[in-house]
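Notes to accompany the following structure.
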Amino acid sequence: MSNVSGLFKDLTTIKKARNGRLASWDQRGKNQDYWEIPAGESITLGEIEGPGCITHIWMTSSCRRVKSPSILDPKLNASAAPVMEIHPALGVIWDDYDPFYYRKALIKITWDDQDTPSVLAPFGDFFCIGNCYPGNFSSLPFNVSLKPEEAGRYGAPCSVSCYFPMPFNKKAKIEIINENDIPFILYFNIDYEMYKEPLDENTAYFHASWHRENPCDGWGPDIQVNSPEVNNVTNLKGDGNYVVLDVEGTGHYVGCNLTVKHYQGSWWGEGNDMFFIDGEEYPSLNGTGTEDYFNHAWGMQRNAFPFFGTIVHEGDTDGFQVSYRFHITDPVRFEKHLKVTIEHGHANHLSDDWSSTAYWYQTLPTAQPIEILPVEERLPNVPKLPERKLTQPELTEEMKAARSSYEERWNVYKPAREEQFRIKEDKARRESRLNTEFAKKLRDDYK
């Protein structure tokens with residue numbers, strides 16, 4: 001046995017494994033290296049036969065609704081790289097980006113022969129994109145890379161990565177469920193290892209689930225935070241706390257991301273974290289404040305570190321904060337049951353909008369089916385501009401002709417563009433099958 005220790009000690013040991021990858025690369029040898037995920041459909045990115053372990057997931061995406069007839073040929077432009085969809089040139093193309101598609105799509109991962117997924121979360125929130133509002137950050141298990149000109153936008157395209165190891169003994173199935181009414185573009189690389197020997201029976205499987213309370217059930221949102229009336233209310237058993245995770249089984253909790261939309265205009269983070277392990281009546285792990293749980297103090301700071309930090313700061317938004325805390329070196333272990341909770345304001349007096357993604361490992365089978373809110377209850381609350389009431393002036397003959405020509409061109413352009421979407425959706429369905437077939441060939445060759 002090696003005496004080498006440290007975070008990267010596995011790099012010093014030769015192991016018997018074979019690498020594989022599921023990817024959206026154009027298997028025709030062309031350069032359409034992305035899939036068009038159809039509206040209202042679930043697409044399997046691939047199935048991998050075990051034993052094995054997913055070691056890295058990288059993705060980038062974009063979602064837009066066609067608003068006008070572009071001056072570019074719809075068929076020729078469909079064969080070009082989709083950069084116009086990321087940076088619509090002024091007057092060349094007009095696509096209206098769906099600001100909330102990060103919550104309209106789900107990521108779903110099922111391990112072995114289970115009939116229930118172990119990972120089920122909104123696509124964006126799984127990768128720490130809270131409220132569909134990406135922010136640049138780098139932690140040990142997750143990172144988001146956002147172009148500067150895309151910052152500060154709901155639904156902004158970016159790249160995302162996950163480095164949590166995800167072992168499986170029999171099979172891994174990764175799906176994207178698009179509950180939107182329009183398709184979206186997805187590039188992806190899912191790297192994994194294959195092993196010849198079965199995994200140890202004590203192997204813990206990766207899990208992730210999303211939760212939201214909108215609003216949290218507060219008893220005094222009209223009473224100022226940190227006022228003596230609030231601070232003298234007791235809460236020893238965590239009654240009414242926001243629940244990050246409530247799970248049965250044997251395993252360990254490894255962290256979460258949390259999005260809080262605050263409405264009082266004061267301070268949202270005065271609530272304590274409380275962990276209830278294996279059915280205890282009183283929490284054995286008690287915190288001192290929400291910002292303290294995320295390893296900040298005196299409010300939230302603008303930083304992003306390997307295990308904790310801010311992704312989006314409330315001072316840079318319309319009043320919401322996205323934070324993360326990963327228990328990589330200090331996992332919270334449980335043998336029968338774990339309940340992770342946080343007060344929404346001291347003694348739960350605030351009525352804010354909270355949402356979170358919890359990450360944990362546990363042995364199979366997954367004891368409780370993971371549930372998800374319907375799409376309409378996942379959408380973020382955002383400010384809305386008042387509706388504009390426009391009146392049209394009297395049109396000249398040239399103006400009438402221009403409008404008529406525009407409508408005629410739209411009637412030709414729109415179905416042509418839609419046809420290209422359908423072609424790319426069929427490509428995604430076809431390459432979904434090819435990904436699974438290719439993964440099986442790799443597996444068969446390595447047995």
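Running a GNM on the chain with Cα contacts under 10 Å, which residue among Glu343, Glu201, Glu193 ends up with the highest mean-square fluctuation? In the Gaussian network model the winner is Glu201. In terms of other Cβ atoms within 10 Å, Lys427, Lys170 run from fewest to most in the order Lys170, Lys427. Ordered by the number of other Cβ atoms lying within 10 Å of each residue's own Cβ, fewest first, Met399, Met166 fall into the sequence Met399, Met166. In this simple spin-label model, placing a label point 7 Å from the Cα along the Cα-to-Cβ direction at both Asp444 and Glu408 gives a separation of 5.7 nm.
Counting beta carbons within 10 Å around each of Trp58, Trp219 and listing the fewest first gives the order Trp219, Trp58. Here each label is just a point 7 Å from Cα along the line to Cβ, and for Asn202 and Leu140 those points are 2.0 nm apart. Under the shape rule built on the C-alpha gyration tensor, where the axes satisfy a ≥ b ≥ c, the stretch 204-362 is oblate, since a/c reaches at least 1.5 while a/b does not exceed b/c. Rounded to the nearest 20 debye, the dipole size of the stretch 204-362 about its Cα centre is 440 debye, using +1 on the Cβ of Lys and Arg and -1 on the Cβ of Asp and Glu.
Under the convention that each Lys and Arg Cβ holds +1 and each Asp and Glu Cβ holds -1, the size of the dipole of the chain around its Cα centre is about 1740 debye.
Mean sequence separation of contacting Cα pairs (under 8 Å, at least six apart), scaled by the length of the chain, corresponds to a relative contact order of 23 percent.
Between Val260, Val244, Val332, find the one with the highest GNM mean-square fluctuation for the chain; connect C-alpha pairs within less than 10 Å. Greatest mean-square fluctuation among the candidates belongs to Val332.
Given the choices (1) 20.9, 67; (2) 24.2, 87; (3) 25.0, 99, Rg and Dmax of the Cα atoms in Å derived from the coordinates of this structure is entry (2).
Please tell me the relative contact order of the stretch 204-362 in percent, rounded to the nearest whole number, where contacts are Cα pairs under 8 Å and at least six residues apart.
Contact order relative to length: 46 percent.
Placing dummy labels 7 Å off each Cα toward the beta-carbon, the span from Asn19 to Thr363 is 3.3 nm.
Just from its helices, what would the mean residue ellipticity at 222 nm be for the chain, if runs of 4 or more DSSP H residues each count -39500 (n - 2.57) and the sum is divided by every residue, rounded to the nearest 500 deg cm²/dmol?
-5000 deg cm²/dmol
The mean sequence separation of alpha-carbon pairs under 8 Å and at least six residues apart, normalised by the residue count of the stretch 250-340, gives a relative contact order of 40 percent.
Each value in this text was obtained by applying a stated rule to the coordinates, not by laboratory testing. All of these numbers come straight from a predicted model, not from anything done at the bench. For neighbour counting, all protein chains shown are included, and Cβ atoms are generated from backbone atoms with ideal geometry for every residue, glycine included.
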